[in-house]
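Following: one structure in structure tokens, then a few remarks.
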Amino acid sequence: MMGTLRLILADQLSASIATLQGLNKAKDTVLICEVMEEATYVPHHVKKIAFLFSAMRHFAAELESKGVRLRYVKLDDANNTGGFTSELKRATKELRPDKIVVTEPGEYRVLSMMKSWETALGVPVEILPDTRFFATHTEFDGWAKNKKQLRMEFFYREMRKKYSLLMEPDGKPTGGEWNYDKENRKPPKAGMKSPPRITHKKSEITKDVLKLVRERFSHHFGTLEPFHYAITRDQAILELDHFITHVLPSFGDYQDAMVAGEPYLFHSLVSSYLNAGLLLPMEICQKAEAAYRQGHAPLNAVEGFIRQILGWREFIRGIYWHFMPDYGERNGLHATRPLPDFYWTAQTHMFCVAETVRHTRDHAYSHHIQRLMITGNFALLAGLDVKQVQAWYLAVYSDAYEWVEMPNTLGMALFGDGGVVASKPYAASGKYIHRMSNYCEQCKYDPDEMTGENACPFNALYWDFLVRHEDVFRGNQRMPYVFSTWDKFGQDKQKAIRAQATLTLQKMTEGQL
Ligand SMILES: Cc1cc2nc3c(=O)[nH]c(=O)nc-3n(C[C@H](O)[C@H](O)[C@H](O)COP(=O)(O)OP(=O)(O)OC[C@H]3O[C@@H](n4cnc5c(N)ncnc54)[C@H](O)[C@@H]3O)c2cc1C
Ligand code: SF4
């Protein structure tokens with residue numbers, strides 16, 4: 001008689017995952033499967049698939065080396081049925097477990113699937129909470145209850161206090177302020193380069209996986225090689241330590257900067273490892289805080305970095321589970337224009353967009369400001385279909401899972417959730433991109449022109465967007481001067497701007513932008 005069947009998902013590769021607690025090596029079996037259904041429900045970037053399959057196989061090998069009984073189903077195993085439910089059916093029939101244990105997933109879709117398993121399989125199914133986050137669902141829901149507006153900043157302060165991160169013994173925040181963001185908006189310096197990053201040698205497992213991905217997913221978006229991702233916890237820790245030592249001190253200053261040919265700048269690149277479970281949020285925050293306490297990194301960098309993980313990441317997760325499933329159906333600004341091909345091909349004269357798509361294609365990565373203020377901003381201004389834009393973000397980034405992708409895309413970038421995540425739209429003209437990057441120097445378009453053949457498309461689209469949604473934004477307290485500027489333009493200029501925007505959208509549809 002067998003014990004418990006313990007299912008581990010691709011983003012649950014942590015030794016501390018709830019599923020493995022209380023494991024009986026003599027009786028239990030751990031099930032890990034590479035299933036086609038999950039690899040293809042959006043056309044994931046080839047690097048994302050390779051990273052996850054390789055990390056899953058390494059994680060399985062580590063468990064096996066500790067004497068854990070494993071049932072690992074590879075994508076190309078002859079009997080692989082291609083889905084979680086059917087694989088569990090097969091395993092249940094063969095192993096006859098007393099019960100199935102699993103940790104809650106990162107997607108509502110998979111949670112619904114899990115809830116159907118007990119009936120479908122005729123075996124008790126225990127769904128455990130994911131304890132790798134700082135805030136539980138109940139805690140977030142309690143915080144959100146009866147609040148008119150949910151603001152990350154206030155949630156973040158609660159988390160700082162609860163976990164004593166960057167806090168002083170008298171209960172005050174370290175340095176006297178909760179947030180040093182105003183110091184973190186420097187434009188790039190001329191010739192600025194990212195510090196060198198470490199790369200990892202490919203193991204035999206990774207080589208096998210790369211071959212599999214080449215054979216089965218070559219029609220998906222993205223460049224597979226060179227492939228330098230960390231795929232074990234040890235390698236992910238090396239990356240984290242490298243970041244803390246060599247990169248973190250400048251993280252704050254240049255957090256919003258963008259430079260051609262430099263996809264990483266001073267960002268940590270930990271999201272893929274963190275989201276898959278190779279790293280844990282607390283250890284990252286503690287290492288960052290230690291760097292400040294030892295005088296190695298300044299407070300604006302360390303507070304800014306910790307805020308991303310302790311504040312933003314947890315807030316975003318809270319929003320997702322608090323508002324799903326209704327959240328996924330929102331389209332507050334009625335954005336329905338089809339996603340143009342250049343999101344996949346990078347074939348556009350807009351240098352900023354082409355460069356972001358190139359980084360995304362080559363690395364399954366682009367940093368936050370590229371995601372928000374380039375591809376996100378364009379999608380917002382052009383009114384691109386929210387579902388298509390979300391599917392793109394979910395597919396192309398190696399750190400993308402719906403719980404984190406959806407509120408960032410629909411809420412933060414597209415203002416499509418009715419202002420839950422963002423209190424005003426992250427809409428910007430070419431002027432902002434020009435200030436924060438060196439992209440415009442290499443562009444066919446001119447960021448200082450509003451109309452005419454060479455005018456930066458972001459400029460007219462920016463105004464057209466605001467005027468199209470005047471009913472939503474004119475009364476917004478955080479945008480006091482925007483409409484008074486528009487009003488001062490006078491009718492002729494306003495007409496010319498709107499005509500330019502119409503032409504721009506037409507060119508986009510015709511593939512001429
Ligand atoms: C439209 C859009 C889509 C996004 N989709 C994803 C996604 O699918 N997965 C994902 O992990 N992040 C997503 N983000 C958030 C953010 O862009 C990435 O976490 C970050 O770029 C990852 O790179 P990094 O590890 O170098 O981050 P750093 O800039 O070094 O930041 C450190 C860490 O903070 C966390 N973090 C920072 N900002 C956010 C945020 N807004 N939400 C959640 N965590 C945050 C991440 O874990 C990140 O690793 C998205 C942002 C936007 C605007
Ligand atoms: S000019 Fe406009 S389109 Fe070109 S890089 Fe600058 S912001 Fe982007």
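The values are calculated or read from the model by the stated rules, or taken from the named source; none is laboratory data. Just so it is clear, the model here is predicted, and its values are computed rather than measured. FYI the Cβ positions are ideal-geometry reconstructions off the backbone, even for glycines, and counts take in every protein chain you see. Just the protein is used for accessible areas: all its heavy atoms, side chains included, with ligands, DNA and RNA removed. Shrake-Rupley method; radii C 1.70, N 1.55, O 1.52, S 1.80 Å.
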Q) Checking Gly383 against (1) within 19 Å of His469 (Cα to Cα); (2) crowded, with 24+ Cβ neighbours inside 10 Å, which single condition isn't satisfied? A) (2)
Q. If you scan region 57-87, which residues turn out to be assigned to a loop (DSSP other than H, G, I, E, B), in contact with an Asp or Glu (Cβ under 9 Å, 6 or more places away or on another chain) and open to solvent by 40 Å² or more (accessible area, probe 1.4 Å)?
A. Arg69, Lys74, Asp76, Asp77, Thr81
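Filter region 152-167 for residues that are open to solvent by 40 Å² or more (accessible area, probe 1.4 Å) and either among the β-branched types (Val, Ile, Thr) or touching a residue at least 24 places away in the same chain (Cβ under 8 Å) (or both); which is farthest from Pro281 (Cα to Cα)?
Taking region 152-167 as the starting set, the residues that turn out to be open to solvent by 40 Å² or more (accessible area, probe 1.4 Å) are 154, 157-158, 161-164.
From what is left, the residues that are either among the β-branched types (Val, Ile, Thr) or touching a residue at least 24 places away in the same chain (Cβ under 8 Å) (or both) are 162-163.
Details: Lys162: 14, Tyr163: 12 Å.
Step by step, filter region 152-167, then rank; the result is Lys162.
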Q.
So Arg313 passes all but one of these: (1) more than 14 Å from ligand 1 (Cβ to nearest atom); (2) more than 19 Å from Trp392 (Cα to Cα). Which condition number does it fail?
A. (1)
**Q.** Residues satisfying the stated conditions in region 478-492, i.e. open to solvent by 60 Å² or more (accessible area, probe 1.4 Å) and touching a residue at least 40 places away in the same chain (Cβ under 8 Å)
**A.** Arg478
**Q.** Among the residues listed as Lys201, Lys189, the single one being under 26 Å from Arg307 (Cβ atoms), surrounded by fewer than 18 Cβ atoms within 10 Å (Cβ to Cβ) and away from ligand 2 (no atom under 16 Å from the Cβ)
**A.** Lys189
Q. If you go through region 351-391 one residue at a time, how many are within 16 Å of ligand 2 (Cβ to nearest atom), more than 15 Å from Asp256 (Cα to Cα) and either touching a Gly at 6+ places or on another chain (Cβ under 7 Å) or among the basic types (Lys, Arg) (or both)?
A. 1
Q.
Checking the conditions here, which among Arg474, Arg468 is open to solvent by 30 Å² or more (accessible area, probe 1.4 Å), more than 16 Å from ligand 2 (Cβ to nearest atom), more than 30 Å from Ser271 (Cα to Cα) and modelled with pLDDT under 95?
A. Arg474
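Give the number of residues within region 88-104 that are open to solvent by less than 10 Å² (accessible area, probe 1.4 Å) and either assigned to a loop (DSSP other than H, G, I, E, B) or within 19 Å of Asn24 (Cβ to Cβ) (or both).
5
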Q | Sole exception among (1) modelled with pLDDT under 95; (2) surrounded by 24 or more Cβ atoms within 10 Å (Cβ to Cβ) for Lys424, by number | A | (2)
Q | Residues of region 336-356 satisfying the condition of being within 15 Å of ligand 1 (Cβ to nearest atom) and open to solvent by 10 Å² or more (accessible area, probe 1.4 Å) | A | Leu339, Cys352
Q: Would you confirm whether any residue within region 435-458 is away from ligand 2 (no atom under 15 Å from the Cβ), open to solvent by less than 30 Å² (accessible area, probe 1.4 Å) and part of a helix (DSSP H, G or I)?
A: no
Q. Do we find that Leu265 is out of contact with any Leu (no Cβ under 6 Å at 6 or more places or on another chain), open to solvent by less than 20 Å² (accessible area, probe 1.4 Å), farther than 30 Å from Arg307 by Cβ and more than 16 Å from ligand 2 (Cβ to nearest atom) in this structure?
A. no
Q. Out of all the residues in region 427-465, which are within 16 Å of ligand 1 (Cβ to nearest atom) and among the β-branched types (Val, Ile, Thr)?
A. Ile433
